[in-house]
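First comes the structure, then the notes that go with it.
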Amino acid sequence: MNLARTTRLLGREVAAVAVTFLGLLLVTFFIGRVVPIDPVLAAVGDRAPAEVYERVKVELGLHLPLHEQFWIYLRKVAAGDLGQSVLTSNPVLVDIGRVFPATLELATLGTIIGVSLGVPAGVLAAVHRGTWIDQAVRVVGLFGFSVPVFWLGLVGLLVFYRVLGVVGGPGRLGVAFDDIVDPITGVILLDAALRGEWEVFRNAFSHLILPASVLGYFSLAYVSRMTRSFMLEQLRQEYVTTARVKGLPERRVVWRHALGNAMVPLITVIALSYANLLEGSVLTETVFAWPGLGRYITNSLLNADMNAVLGGTLVVGAVFIGLNMLADILYRLVDPRAR
Amino acid sequence: MAARDWLLAPTPGSRLQSRLGQAYLRWLAFRSNPLACVGLAIVVALLLLALLAPLVATHDPLAQSLARRLRPPSAEHFFGTDALGRDIFSRIVHGARITLLVVLVVVVTVGPIGLLVGAVAGYAGGALDTVLMRVTDIFLAFPRLILALAFVAALGPGIENAVIAIAFTAWPPYARVARAEAMVIRNADYIAATRLQGASPARIVLRHVMPLCVPSLIVRSTLDMAGIILTAAGLGFLGLGAQPPMPEWGAMIATGRDYIFDQWWVATMPGIAICVVALGFNLLGDGLRDVLDPKQGQ
């Protein structure tokens, strides 16, 4: 692999991402402009005299032509200024920094659950293709594409919290455990472990495990389905036959050789499913009263706090794009043919 | 067996016979997949339910009766009653109309747009292709529900705006599929022949490229319908989709949320309806893909 080629590829990747991100900004800007709420009116109230109205309009930069407004918006975003939240009267970026770790915690554990169950399930389905195992994995997967996440969350709360009492209820911590641990990273599990507060850790985990499992199920559905199809592709290849002829144990052929190669495209799938969980967290967080980015967006939405909504959309979109780019780069690094 | 022999004749006498024969073969392949048949049955049942809603429903879906609020499932109220004493079974039956309407409107608007964008991009190639696909990628790079949320936030809640928002976020995958097809078709000999006969690019795309993209788009849209149902239900759940007292399934779950621990049926029943219908579309789409597009199947 020569350096010039790699640089060129990387350059193209970065350019593509930059264009996509610009498009994202264009869309959020556009949405902000079509809002029926007049931002000037919202700021001055409907009793304000015409000259006040005009002055505020100029202050907000709304008298400028659209492309100039967009340029100003771009410069603001580049400087990390997403405007102020009407609801909390904090800068939106500060708010998001505060709520994001909770979402990250949820989505990460969800992905871990989904991948650690989904990959083996997909491999088994491919190896036992056409049998009841295959059908079972298929139905479990398809069900994951069919069940509303918020409903699964509610039913999960009913069964595991109310009836069985094996998990904690809504929220991140029980009331008794609030404010014991000073945040270091904002991820409660990590913070509690770092400070050695194992009671808090256990309580936080009991609250986290149900929403994370609900999200993890969706990741499982997607990952197992893709694993199955990648594995089927690999098991057809001649190197698999060769390995068998050489007398390698079947277990080694499947789990080492075939899965090893299937992992290459799976990296992309896992990154995508991680990104999808960020989206799924919007509804999950609402159900579980989880104080993360998703609930921040929906709360702001219901209160017509447009700066917060668009800021949140922008951050989720940016993370989404970032994960996609990461998946692409990893794919190139791992698969020699894609270099 | 005469009809079967006629359909399977090795030398069909007319174009119609040949086409019907092909369709019959596909049906045979489809029929051998039990899960796909379950899916078809569910979708047909949904259609009938939506069509015959007033006949199937046992109560008026909007009639409130506070004396009968939060009754558990019984012979009189199959799925119980909600907080306003409305019959949940009847509301679910009428809700089938809303769900079906949302799905159909979205697919009917999104399919042709995606088809046109994809077919033009795939056939034209070059700069036009790059620009169109960049735009598509930008929309694909968004999490769908969040984009729909932002749109509804801007347009205001309501079922029409929810449909617009979903349509706005749903078209890019269709364009992708159509483009992939068009890029293959572009190099076919018969397209070259048509071009030599002097057909304009517009004519080639409209008459010769787009029709051939349709089967993959049908598969794609069937598989997409479950996603549309879930997005619409999600918006409804957040109070941004269908507004009360409309019996929309997602909004019904939201009203049952406060009673989930003690009157579980209020939220559970509409959720089961969503699951069954979405699963039906997924099973049907999976089966259709195996029949119409075997190369993508495994």
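Read-outs throughout are calculated quantities, based only on the coordinates presented, and are distinct from any laboratory measurement. The model shown is predicted, which means the values in this text are computed figures rather than measured ones. Counting neighbours? That spans all protein chains shown, and the Cβs are built from the backbone with ideal geometry, glycine included.
Membrane-span-like helices in chain B (whole DSSP H runs, Cα extent of at least 18 Å along the helix axis, mean Kyte-Doolittle hydropathy of at least 1.6): B:34-51, B:88-124.
If R0 is 51 Å, what FRET efficiency do you get for B:LEU84 and B:ASN187 from their C-beta distance, rounded to 0.05?
That pair, B:LEU84 with B:ASN187, gives E of 0.25.
Hey, in the GNM for chain B with a 10 angstrom Cα cutoff, which one of B:THR231, B:THR136, B:THR194 fluctuates hardest? The residue that fluctuates most here is B:THR194. If you run the Gaussian network model on chain A, springs between alpha carbon atoms under 10 Å, then out of A:VAL14, A:VAL319, A:VAL123 the most flexible one is A:VAL14. Spatially, region B:1-50 and region A:79-104 are offset by 56 Å when compared through their Cα centroids.
Between A:ILE133 and A:ARG236, what FRET efficiency comes out of the Förster formula 1/(1 + (r/R0)^6) with R0 = 25 Å and r the beta carbon distance, rounded to 0.05?
Numbers: r = 19 Å, r/R0 = 0.75.
Efficiency for this residue pair is about 0.85.
Computed 3J(HN,Hα) for region A:12-19, one whole-Hz value per residue from the Karplus formula 6.51 cos²θ - 1.76 cosθ + 1.60 where θ = phi - 60°, is 5, 4, 5, 4, 4, 5, 4, 4, glycine and proline marked x. How tilted is helix A:198-235 with respect to the longest principal axis of chain A? Cα atoms for both, answer in degrees (0 to 90, nearest 10). Taking Cα atoms only, the helix is inclined about 60 degrees.
Computed extension gain for A:VAL245 through A:ILE329, at 0.36 nm per residue and net of the alpha carbon distance, reaches 26.7 nm. When both region A:1-27 and region B:223-251 are represented by their alpha-carbon centers, they are found 37 Å apart. Compared with the direct C-alpha span, the chain from B:GLN197 to B:LEU51 gains 47.8 nm at full extension, assuming 0.36 nm per residue. Take region A:92-338, drop everything but the C-alpha atoms, weight them equally and run the Debye formula without solvent; then report log10 I(q)/I(0) at 0.11, 0.12, 0.17 Å⁻¹ to two decimals. Ignoring solvent entirely, the Cα scatterers give -0.67, -0.78, -1.25.
Connecting C-alpha atoms closer than 10 Å in a GNM of chain B, tell me which of B:ALA267, B:ALA150, B:ALA232 has the biggest fluctuation. Top of the fluctuation ranking is B:ALA150. Report summary: the helix-based calculation at 222 nm, which adds -39500 (n - 2.57) for every DSSP H run with n ≥ 4 and divides by the residues of chain A, gives -24000 deg cm²/dmol.
How crowded by other chains is B:241-254, given as the mean number of beta carbons from other chains within 10 Å of each beta carbon? Could the numbers behind the result be given before it?
Working: counts 0, 0, 0, 0, 0, 0, 0, 0, 2, 4, 0, 0, 5, 3.
That average works out to 1.
Modelled this way, with points 7 Å down the Cα-to-C-beta line, the labels at A:LEU3 and A:GLU59 are 5.5 nm from one another. Taken one residue at a time, the phi angles of region A:97-114 give Karplus couplings (6.51, -1.76, 1.60, θ = phi - 60°) of x, 6, 8, 5, x, 4, 5, 4, 4, 5, 5, 5, 4, x, 5, 4, 4, x Hz. Gly and Pro are set to x. Working note: Karplus 6.51/-1.76/1.60 with θ = phi - 60° gives region A:148-153 the couplings x, 4, 5, 6, 4, x Hz, where Gly and Pro are set to x.
Quote to one decimal, in nm, the extra length available between B:SER14 and B:SER32 on full extension: 0.36 nm per residue of separation minus the C-alpha distance between them. Don't skip to the end; give the middle numbers.
Numbers: separation 18, 0.36 × 18 = 6.48 nm, distance 2.75 nm.
My answer for the length gained is 3.7 nm.
For the segment A:9-21, counting C-beta atoms of other chains within 10 Å of every residue's C-beta and taking the mean gives 1. Counting Cβ atoms of other protein chains within 10 Å of each Cβ in A:316-328 and taking the mean gives 2. Relative to the longest principal axis of the Cα atoms of chain A, the long axis of helix A:132-144 makes an angle of roughly 0 degrees.
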